[in-house]
Structures are given as C-alpha cells and as structure tokens.
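First the structure, in the form of structure tokens, and then the observations on it.
The values are calculated or read from the model by the stated rules, or taken from the named source; none is laboratory data. What you see is a predicted model, and the numbers here were worked out from it, not measured in a lab. FYI the Cβ positions are ideal-geometry reconstructions off the backbone, even for glycines, and counts take in every protein chain you see.
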Amino acid sequence: MKQAEQPNKANIAKTLIVYMGGAWVIIEAINFLLDKYDLNAAILDVFILLVIFGLPAILIYTWFQQKFTRKAIILQAINGVIALAVIVFTLVNPGKLDPTQLRLLKFKDNQKQLAESIQSLAVLPFDNYTGTDEFDYYVAGMHSGLIGDLGKISALRVLSKTTSRFFKDVDMTIPEIASELGVDAVIEPSISCVGGDSVCVQIKLVSAFPKEQQLWVQNYRIEKSQILNFYNNVTRKISEEINIVLTPQEEDLLAESKTINSEAYDLYLKGLYYWDQFTPEALQLALEYFNKSIETDPEWAQPYAGVAYYWVAVHQFSLAPSSVTIPNMFENLNKAIELDPNSSFVHYCSALVNGWTAWNWEKAEQEFLKVLEMNPNYAFGHMYYAHLLSCLRRNDEAVSHCRTALDLDPLNPMIQALSTLVLASAGEYKEVISMAEKALSIVPDHPVALANLAAIYAIIGEYRKSIELWTTYLYLDEDARKSILLTFDQQGIEAALKEFITKLELATGDNLPMELGQLNAWLGDEAKALSWYEKGYEAHHPMMPYINTLFTSAGPFKIDDPGFDSLILKMNLPLKRNE
C-alpha cells in the first residue's frame, strides 16, 4: 500500500514535458494573435502567470497521484491564492513584473534588439490586391500619406516616395533593396479592398540585416473618414516597435485625431495622382479634382493648398501672367492657413509663395523651418530651403540641406536636378555635372538639369556644350538649333550668341527675362542684360530670386554695372557671399 502511494517519477517527467511543450505552443499562438490584431499585451502577461502557477498545480496533482488528499488541497489552495494575488497585482500595476520576459525562448528578445537597431527605413509601394487598377490613385495616395506621417519622426530616416517607387514590382529581395537604398528595414504595405466606406490594409515591418526577418505585421480595416488617424496609428506603432522616443511635439502631432469627408479625400487623392505626373494636361486635371474636393468639403484645408500649389507651378513655369497667378495663389493659400494652420503641406506652400512670389525672404525662411520641424524627412522641404539659402548667399547652410534632400530621395531626378544650382553656387562643378547627368539619365530632357548644366558648361569654358544644351532646354525648333550650332562652329561664340538671342526673343517675347539677361551678359552687353533683369523685376518673374546666385555672378555671366547691385538691393537680397 505504501509503495502505491509513492509518486511515479516517470509520470511527473512526462507531465512536465507535455505541460511545458503545450504552454510554449499556446504562448506563441497568443503572441502571434496579439501582434496580428493589436490586442492588449496584458492578455499574454496573465496567461504566462497562469502557466507559471499552473506548473506547481499540475505537479501537485501528479505527485499525489490525482488524489485530492487534505495535504494536496492545502498546497493547491496556497498556490492558487499566490497566483491570484500576483495576477491582480500585475493588472493593477502594468509593467511592474513584465512576466512576458519570462518566456522560455529568447526569440522576442532577439527580435526586440533587432528592431531597436533600426534607424532608417523605406516604405515600399503598396501591393494592390484589389484585382483592379481602378484604385491606383488611392493606393499611390496611401503610400504618400504613410511616408509623410512617418517622416514626422526626427530620429528616423525615412526615404521619400519617388525613390521608393523605383522598387515597385522589382525582382529583388528585401536585403538587396535595403542595401541599394542604405536603410536598415522596409515596410511592405498592401491593400486588398477599397469599398465605399472602408479599405483593407496590411502593414509589415521587415528587417533586412543580418537577414530578412519580419518584425511586425498588422491587418487593418479602416473607415475612409478615419484614414488620417490610421497613418498616425501606424506611425506610433512602428515607433514603439523599434523603440524610438518621440519628442513632445511629435507626440502631439501623432495624437491629433481628424475625421475627414471620405468623398473629398478621394477627389483630393486623384488631384495628387495627376499632380505627380506633372504634364500640362495632368496639372489641369489635378486642379479640377482639387476644386471638386473643395466643393465637396469647403472646410478642409488640403485641397485649397493643392490649388495654391497648382498656381505656384503655373507661375514658376510662366504658363500664365503674374496678374493671374499671384491672386489665385494667395486666395487659396490664405484659406488653407485659416482652416488648418498646423498642416506641414500648407506651410510648405506658404514658404514657396512667400519666397518665389512675394520675395519675403524672412517669412519664407520661417515657413521652411516650420515645415522641417514638423516633417524633418521632407526632401523637397530641404531642397527648396537650400535654394532659398543659395539666393541669400548662405552657401554652407544651403549645401547641408541639399545633401540631406539627396540622402532622403536619392533616385528622384528633380531632386538631383535642383541640387545642381546649390552645388554650383558652392563651387562643386564636377559634382554638378555628375548630378545633372544622373537626372538626365532618368529623364533625358529634364529642363532644370539641362538649364543648370548649360550654365555650368559656360562657366567652365565648354561653350559648344553649353549652347547645345541651352537650345535644347529652351525648346527652339530643330532647324534653329542646328543653325545656331553651325554658326558657332563657323564663326565662334559671339556670332552664335547673337543669333541665339535674336531667335529666342522672336520665339518667347518677354517670357524669359532671366535667360535673356544671362545670354546678353555672356555676350558682353551689360546694359541690355540689365535691361532684361529690370523687366523681370517689373513683371515679378519667378526666376528673379536666382539673380543673386552663381549663374549671374560668375564666369561669362558676371555684371559689374552698379545698376545690377541696385537691383539686388531692391529685391532685399544680400550683395556679398558668405564664402
């Protein structure tokens, strides 16, 4: 009888193995569900405590051969009371015991360490699993929106959308893409449904090094009216996953809750979709959708900023007179500021308008600084601020912001092209040529790259290359281009410049005062060059802020006439460089 009451060691060992194995499987399953559905982590904490205190309970039960003797009942009661007390303490004081750290395997710890090493990431284009291209504009808009929201985190380098879009549908692994972009991790988003009121989205955070490893995944079904809150939620969640400490201002920005009119948002995304195509026809469609968005929800700021942005582009490319563009710019910009003074896009539009239209350099700089404070990862914010600084002859600061923009959007041809003016003003001629050629390898007739490269070739004495590029950039017809180049080959630079100026005046009238000023300065006719610059000033031409940069003050473009300095002072620009 006494032998029968002895515990069976084999049974205890078997019970221990089965119990621990089953507990581990269930813990992993619960952890997966917590990550997948973003459930309260306290669920796992409570279960682990139950596992911990369940172990002595099952061992007592086995030790006493499944009999409820008096001693067994007392031991079970003591164990149960202690377990209940610890569970209550954990729920009342979350984070104190952190029982999740007592898991048998260290997978989560390793994953946590890997996540915390992430300092840069790229958001890949959304995979569209809706089965139709009809929602491409919405998918593109969500990609841009998520990048913009993640860009608010100053401790994280987030690549811009144009560079990220180069990796849409490429046959490359995550580590290969990450290595190419110089980032630690990527976000793989996908969209599986776009309904009348909601969208279905999955977001994955994947570490690239030392090997590809999924760190976090979450499925969402989002009401369209809550889409901006969705971006905030994902940004907060990712910052938690990679253990980034947000600044108080970032906490405030991500805590904002905004409900929007889903139809107005849909129309606004269509406007952005066509804006990104940046052709005259597409820009007109963008304007139409921005205006439809305003009609749908007159109290939402973003589409007003979109309309202002449209008029900025029209003004900058001289597609309409200043008497038309400037009033439209300010009308829509002022309305956007009135409706949402905390929008980084609104402040960005204000910076452009105050700089290149109002010539209010101080206000423009304040607005750029505000933009970069709200979104330190905004490449175009850095680049156009760099341009403003170049116009103000603060070259060292300009180059710093220019390089930041290139780091954030290295494959964007416009960023590459815009960098050429900043780098040229700092004397980095070789890098200018290399950067312009990169832009032209992506967009062969990129006007900004052509224009700035043409000016650089003139400065370094490569006159034929300069004329060839300049005639291409200004879209003279093929016969005119050939004639000017033939004149250069037969008669030299002076004859070619005279013919170029004559043909350009006939083709464009007064629309290109900066270019005609540069060409006349190159020809050596300072009086006529200054006359063209004065016309640009009177017409409030959008290129006039650049009168203070390298392209009017170096090499063949330099003007010594005192009237030139007087014009610079009239524009409230500095006369001397900071170099």
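Out of region 366-382, which residues are of a type in the set (A, V, I, L, M, F, W, C) and surrounded by 24 or more Cβ atoms within 10 Å (Cβ to Cβ)?
PHE368, VAL371, ALA379
For residues that are small (Gly, Ala, Ser) and either under 20 Å from the mean Cα position of the chain (by Cα) or assigned to a helix (DSSP H, G or I) (or both), scanning just region 176-207, find the one that is nearest to VAL139 (Cα to Cα).
SER190
Quick check on region 223-277: of everything there that is among the β-branched types (Val, Ile, Thr) and at pLDDT 85 or above, which residue is farthest from GLN202 (Cα to Cα)?
Only one residue tops the list, namely THR247.
If you check TYR537, TYR533, which single one turns out to be under 17 Å from ASN572 (Cα atoms), under 38 Å from the mean Cα position of the chain (by Cα), in contact (Cβ under 8 Å) with a residue 24 or more places away in the chain and buried (at least 24 other Cβ atoms within 10 Å of the Cβ)?
Unique residue meeting the criteria: TYR533.
Taking helices (runs of 4 or more DSSP H) that fall entirely within region 460-567, which contain at least 2 residues that are in contact with an Asp or Glu (Cβ under 8 Å, 6 or more places away or on another chain)?
Result: 463-473, 478-491, 513-523, 526-538.
Has region 276-296 got at least one residue that is in contact (Cβ under 8 Å) with a residue 40 or more places away in the chain and not β-branched (Val, Ile, Thr)?
Taking every residue of region 276-296 in turn, at least one turns out to be in contact (Cβ under 8 Å) with a residue 40 or more places away in the chain and not β-branched (Val, Ile, Thr).
Restricting attention to region 482-510, report how many residues are within 23 Å of GLU437 (Cα to Cα) and in contact (Cβ under 8 Å) with a residue 12 or more places away in the chain.
Qualifying residue count for the region: 1.
Out of VAL158, VAL81, VAL139, VAL92, report the one residue that is modelled with pLDDT of 75 or more, among the aliphatic types (A, V, I, L, M) and surrounded by fewer than 17 Cβ atoms within 10 Å (Cβ to Cβ).
Matching residue, one of VAL158, VAL81, VAL139, VAL92: VAL81.
Can you find a residue in region 259-266 that is touching a residue at least 12 places away in the same chain (Cβ under 8 Å), surrounded by 18 or more Cβ atoms within 10 Å (Cβ to Cβ), more than 25 Å from LYS370 (Cβ to Cβ) and touching a strand residue (DSSP E or B) at 6+ places or on another chain (Cβ under 9 Å)?
Yes, region 259-266 has at least one match.
Test TYR231 against the stated conditions and say whether it is assigned by TED's automatic domain parsing to the domain that holds ALA305, crowded, with 16+ Cβ neighbours inside 10 Å, hydroxyl-bearing (Ser, Thr, Tyr) and closer than 17 Å to GLY145 by Cα.
Answer is no for this residue.
Is it true that some residue in region 450-466 is of a type in the set (Val, Ile, Thr) and more than 17 Å from GLY555 (Cβ to Cβ)?
There is no residue in region 450-466 that is of a type in the set (Val, Ile, Thr) and more than 17 Å from GLY555 (Cβ to Cβ).
Taking region 211-225 on its own, how many of its residues are more than 28 Å from THR173 (Cβ to Cβ) and either in contact (Cβ under 8 Å) with a residue 40 or more places away in the chain or surrounded by 16 or more Cβ atoms within 10 Å (Cβ to Cβ) (or both)?
3
Taking the condition of being over 21 Å from PHE345 (Cβ atoms) and either touching a residue at least 12 places away in the same chain (Cβ under 8 Å) or in contact with a Lys or Arg (Cβ under 7 Å, 6 or more places away or on another chain) (or both), how many residues in region 247-256 meet it?
Residues that pass the stated criteria total 0.
Out of PHE167, PHE135, which single residue is part of a helix (DSSP H, G or I) and not assigned by TED's automatic domain parsing to the domain that holds THR404?
Answer to the check: PHE135.
In region 544-564, how many residues are touching a Leu at 6+ places or on another chain (Cβ under 9 Å) and under 19 Å from ASN395 (Cβ atoms)?
Count: 8.
For region 276-351, which helices (runs of 4 or more DSSP H) that fit wholly inside it have 3 or more residues that are touching a Cys at 6+ places or on another chain (Cβ under 9 Å)?
Filter on region 276-351 gives 301-316, 322-339.
State the number of residues belonging to region 429-463 that are within 22 Å of GLU505 (Cβ to Cβ) and surrounded by fewer than 17 Cβ atoms within 10 Å (Cβ to Cβ).
Residues flagged as within 22 Å of GLU505 (Cβ to Cβ) and surrounded by fewer than 17 Cβ atoms within 10 Å (Cβ to Cβ) within region 429-463 amount to 1.
Among the residues of region 394-408, are any surrounded by fewer than 19 Cβ atoms within 10 Å (Cβ to Cβ), touching a residue at least 24 places away in the same chain (Cβ under 8 Å) and within 23 Å of SER160 (Cβ to Cβ)?
Scanning region 394-408, I find at least one residue that is surrounded by fewer than 19 Cβ atoms within 10 Å (Cβ to Cβ), touching a residue at least 24 places away in the same chain (Cβ under 8 Å) and within 23 Å of SER160 (Cβ to Cβ), so the answer is yes.
Please go through region 146-164 and pick out each residue that is outside any loop (DSSP other than H, G, I, E, B) and either more than 21 Å from LEU269 (Cβ to Cβ) or of a type in the set (Lys, Arg) (or both).
ARG157, LYS161 - these are the residues of region 146-164 that are outside any loop (DSSP other than H, G, I, E, B) and either more than 21 Å from LEU269 (Cβ to Cβ) or of a type in the set (Lys, Arg) (or both).
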